[in-house]
1. Along Cα→Cβ, 7 Å out, is where each label goes; now give me the distance between the ones at B:T70 and A:K308 in nm to one decimal.
2. With point charges of +1 on the Cβ of Lys and Arg and -1 on the Cβ of Asp and Glu, referenced to the Cα centre of the range A:198-330, which listed residue (A:H256, A:T320, A:V200) lies farthest in the positive direction of the dipole?
3. Place +1 on the Cβ of every Lys and Arg and -1 on the Cβ of every Asp and Glu in chain B, take the dipole about the Cα centre, and give the residue among B:A219, B:M241, B:H381 whose Cα lies farthest towards its positive end.
4. Full-extension gain between B:R250 and B:E343, please, as 0.36 nm times their residue separation minus the C-alpha to C-alpha distance.
5. Once R0 is set to 56 Å, what does the formula 1/(1 + (r/R0)^6) return for the Cβ-Cβ distance between A:D123 and B:D93, expressed as a FRET efficiency to the nearest 0.05?
6. Applying 1/(1 + (r/R0)^6) with R0 = 51 Å to the Cβ-Cβ distance of B:T301 and B:N416, what FRET efficiency is obtained, to the nearest 0.05?
7. I need the phi-derived Karplus couplings for the range B:388-398: 6.51 cos²θ - 1.76 cosθ + 1.60, θ = phi - 60°, integer Hz, Gly and Pro marked x.
8. Using a Förster distance of 60 Å, how high is the FRET efficiency between B:E286 and B:E154, based on the Cβ-Cβ distance and rounded to 0.05?
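Bear in mind these aren't lab numbers, they're just calculated from the coordinates by the rules spelled out. Every value quoted in this text rests on a predicted model; they were computed, and no experiment measured them. Cβ sites come from the backbone with ideal geometry, for glycine too, and all protein chains shown count toward neighbours.
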Amino acid sequence: MLKQKFTSVAVVAVLGALVAGCGGGDEPRRGDVVIQPRQQAAPEATEPAETPAGDAVTATPAQPAPAEEPKPEMTQEQPAPAAEVAAAPAEATAADQAPAEAPAAASGEKGTTFKGRVVVKGDVPTIPAIKPSGTDAFCIDLGEIPQDEVIVGEGNGLADVFVWVRKAPSGVEVPDPPTEPAVLDQKGCRFIPPALVVQVGQPMLVKNDDATLHNTRMSGLAISFNQTVAPNNREGVPVDISRPEIVPVPVKCDIHSWMSARLLATDNPWYAVTDRDGNFEINNLPAGAELDFRLQHGRAGYVERSLKLTLKDGEVKEQTFEVDASKLGG
Amino acid sequence: VRVHVSIVLCLLALPLAGCSRQQPKFENRESLSELIPEVQQHIRWVLEGTDDPDFQSGDPDFPGYFGTPTDMVAWERLPIQYHAATGTLSNVDGAVAEGTQDATLGVDLTTQNMPIEPGASATFLSGAYAGASVTVEAFNPQNGLLTLQEQGFESAPAVGDRIVIGAGEVLKEGRMLYAEHCQHCHGVSGDGNGPTAPYLNPPPRDYRLGLFKFTSTQASEKAQRADLAQTILEGIPGTYMPSFKLLSERETQAIVEYVLWLAMRGEIENGQIQALRLDYSKQTVEETIDSAVEASQNSGTPLTRADARAQVIEELTAYLTEDWPDEFDEESKFLAERWANAELETAVVFPSTPRVPDTPESRAEGRRLYYDAKTKCDTCHGPQGLGDGGQTVSVQKDPATNQDYPLPGLYDNWGNPLQPRNLTTGIYRGGRRPIDLYRRMYAGIKGTPMPPFGTVLTDDEIWHLVNYVLSIPFEARERRPGDGAAQTPPPAEVATTGTPADASN
């Protein structure tokens with residue numbers, strides 16, 4: 001190691017701390033800093049005594065998992081080193097070499113399927129239509145705008161419930177995202193559809209079919225978007241969806257505050273939104289892998305927090321979910 | 001007698017209390033307390049390394065990714081200039097010094113934020129000496145030769161080894177200056193809740209959402225260092241944020257780095273809380289336990305509440321050991337990337353055409369656009385620019401809950417009520433240069449309902465609006481601020497054809 005000229009800096013620092021503790025004046029104490037290197041090499045910690053003025057400088061690795069002693073090689077349990085190199089998650093790599101499974105889906109084969117219904121239990125609340133507030137004559141002239149928050153159809157089926165696999169299981173090949181853009185339109189001073197799912201990598205557009213200005217704002221943990229969409233803009237403003245969100249993100253228009261929709265970004269194509277009668281169906285699920293489904297409704301919150309299913313090839317699983325009417329509010 | 005005793009005790013206690021220095025500490029977000037204790041412990045461990053939870057027990061000395069105000073952690077993943085300088089070794093010929101000569105190391109500096117003073121530490125980040133520190137005797141910027149207060153290495157470090165000089169010096173200076181100038185309003189943890197904060201309106205910025213309002217960057221981008229430096233330099237007119245022009249450039253930079261660091265700390269904290277509270281808030285866990293117990297009643301083996309809770313914790317532990325490390329890794333990488341991207345030239349809003357000359361025609365065109373269907377400036381800023389448009393009296397909905405706010409008017413992302421700018425005062429919070437107004441219109445004001453118009457208006461149209469907005473305070477008008485607002489917009493023919501002077505009559 002080094003031929004160091006060691007002084008007893010540590011002792012001096014401790015003495016200094018005692019003195020400073022009493023009557024150190026108003027001068028704020030300078031903090032000590034420890035370094036967490038980005039690289040995976042986990043070097044041994046150095047003694048605080050080596051640095052001037054009692055500043056402790058140690059080094060720890062950048063992984064979420066804390067460094068034990070420095071290991072000469074990173075072995076099995078360790079996830080891919082945090083270095084820039086192996087950043088892509090397993091499923092993203094799989095998606096790159098997406099196999100010829102998608103054509104099978106197109107030809108009408110449904111494969112492994114999860115389907116079912118979401119129904120409201122109890123008295124369905126009546127949510128009044130929206131009376132546009134503010135100053136925008138275009139919207140005010142519409143009179144009443146239908147509410148999209150709670151839509152209950154035939155047989156108490158609840159519409160606009162998101163059903164999705166919360167995370168693509170590792171080791172499963174994820175089909176490429178669709179190249180067809182997902183479209184969020186604004187028509188009659190409301191968002192259409194009120195519940196939209198986009199797979200990461202799929203293009204997305206926000207359009208405007210009204211003769212008035214809208215802006216579209218969504219801020220989740222990964223999505224941060226805010227743009228105005230000109231009146232009658234049919235080309236659409238592109239939205240970059242580069243990372244999945246854990247739950248649907250609220251979409252708002254600041255100009256018309258009643259306008260509300262939800263956008264979910266997933267890392268997989270195994271999702272559905274219930275139709276007007278509360279039905280959903282997800283086809284071509286990967287067989288044999290444990291899929292963690294989540295069901296969420298904008299107003300009711302979780303319908304199902306976590307439903308773990310492992311389906312056999314070609315299996316069709318059917319399930320009905322109930323939502324207590326009280327959760328839908330009045 | 002008892003009273004006397006307690007007074008004496010109190011008096012005795014006073015000097016003691018006065019003498020023990022209170023350690024500054026980062027307060028956690030209030031919403032952290034809504035989570036079950038196990039998850040709270042996990043998040044504190046991520047931030048400060050305290051209370052090593054069972055599922056992470058590996059390194060009892062793990063300092064967390066941010067540490068505490070007095071023991072800060074420079075997490076290299078984040079794009080923050082923590083150190084006086086960083087570089088790689090380019091020449092190690094003088095490392096194994098002969099006799100009493102001091103060792104020298106040739107260094108290619110990659111960043112330098114402060115002068116390299118004698119006595120500074122130099123710490124190896126990679127190679128055989130990774131983690132070790134030596135003391136600098138002198139640095140020659142001409143040839144990049146670092147002379148050390150050491151008599152040489154037994155075996156030379158390798159060329160290409162990464163080294164930091166003055167480890168954490170910028171962050172330390174930033175913290176000291178922050179404590180002196182900023183903390184009493186913005187708070188120790190940057191939560192905008194320092195001791196003076198309750199008396200201020202608008203409230204001081206809470207950095208922990210990683211959002212800054214007045215930036216030069218695109219709507220979807222973070223703030224640049226230059227934007228924060230500009231705010232420190234100029235202050236925010238019309239608010240309690242003063243100008244700090246007396247700080248040197250280096251001091252300003254140190255504060256900027258520290259504020260960025262606090263912002264990223266807040267974002268990591270918030271991200272963890274948001275991700276975990278869906279499943280592990282106290283309320284959700286209670287509900288999970290209820291339904292598990294209820295479901296087990298009909299089966300042969302009824303569960304007790306303690307059993308059901310143990311199951312939840314088991315699930316949590318499995319998640320935190322198996323999936324969480326990768327997820328956190330990606331999340332922090334994404335955060336670092338976003339902040340790094342904000343520094344790129346492509347992130348900055350630059351008009352493609354120079355400012356349109358400030359003519360009466362341009363102002364008239366700007367005035368027309370002010371009321372146009374594609375801008376609707378008047379719905380917030382008011383028909384006369386008094387900041388009293390219809391939106392300020394209509395009830396808005398909280399995007400997080402989709403419920404009406406308790407009071408009418410506009411709100412920002414921090415949940416504070418917000419006034420659209422009164423454009424007749426000539427006070428512009430984000431700066432009064434034409435380019436400042438241009439950027440406000442092009443990219444909006446982050447965290448507020450002021451939307452970006454870059455996708456709707458051409459550059460020339462924005463410049464017309466800039467010209468008009470800058471002329472509003474000098475418009476002759478019958479009504480003055482304080483006279484009460486007229487809610488009727490001007491007649492259409494005046495709005496489209498008239499010059500500002502004509503329009504007011």
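1. 4.4 nm
2. Toward the positive end, the furthest listed residue is A:H256.
3. B:H381
4. Details: separation 93, 0.36 × 93 = 33.48 nm, distance 1.82 nm.
Working it through step by step, the gained length comes to 31.7 nm.
5. 0.05
6. FRET efficiency, B:T301 to B:N416: 0.50.
7. 10, x, x, 4, 6, 10, 9, 7, 9, 10, 6
8. Efficiency, from the Cβ-Cβ distance: 0.45.
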